[in-house]
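Structure record follows, encoded as structure tokens.
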Amino acid sequence: MQDRLVRFHLFGQEFTFYSDAPEEEVESAIALLRQELESSEKLSRSSVPSSKMLVLGCLRMAAKYVNLNRDFSEFRQAQERAIDRLVEKVSSGLD
């Protein structure tokens with residue numbers, strides 16, 4: 001894919017970056033960032049610079065990703081154990 005310029009507005013400022021990700025993925029990522037920042041009730045936008053808000057939003061998303069990644073790893077391990085038990089049962093039934 002070829003890089004393309006992406007522009008979006010947040011906190012009255014325009015942000016631009018280049019991306020080769022599909023348009024739908026870029027739009028989803030921007031929507032997720034907006035959702036994270038809008039749900040941040042602890043911070044007053046008037047008292048925190050937009051650059052710090054963006055960093056905090058990204059950190060919150062990164063923390064969620066780490067948790068989801070850990071949960072997925074635990075799920076995969078549980079699935080592998082269940083499959084191993086099933087294979088053992090089937091193997092012992094065939095003997």
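The values are calculated or read from the model by the stated rules, or taken from the named source; none is laboratory data. Since we're looking at a predicted model, the values are computed, not measured. So basically every Cβ, Gly included, is an ideal-geometry build from the backbone, and we count neighbours across all protein chains shown. Side chains are part of the model used for accessible areas, which takes the heavy atoms of the whole protein and leaves out ligands, DNA and RNA. Shrake-Rupley method; radii C 1.70, N 1.55, O 1.52, S 1.80 Å.
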**Pair list, Cβ < 8 Å and 6+ apart or interchain, from the range 15-38 residues that are closer than 18 Å to LEU56 by Cβ and of a type in the set (Gly, Ala, Ser) to residues that are open to solvent by less than 30 Å² (accessible area, probe 1.4 Å) and modelled with pLDDT of 85 or more** = ALA29/ALA21
**Prompt:** Which ones in the range 44-80 are modelled with pLDDT under 85 and polar (S, T, N, Q)?
**Reply:** SER44, SER46, SER47, SER50, SER51
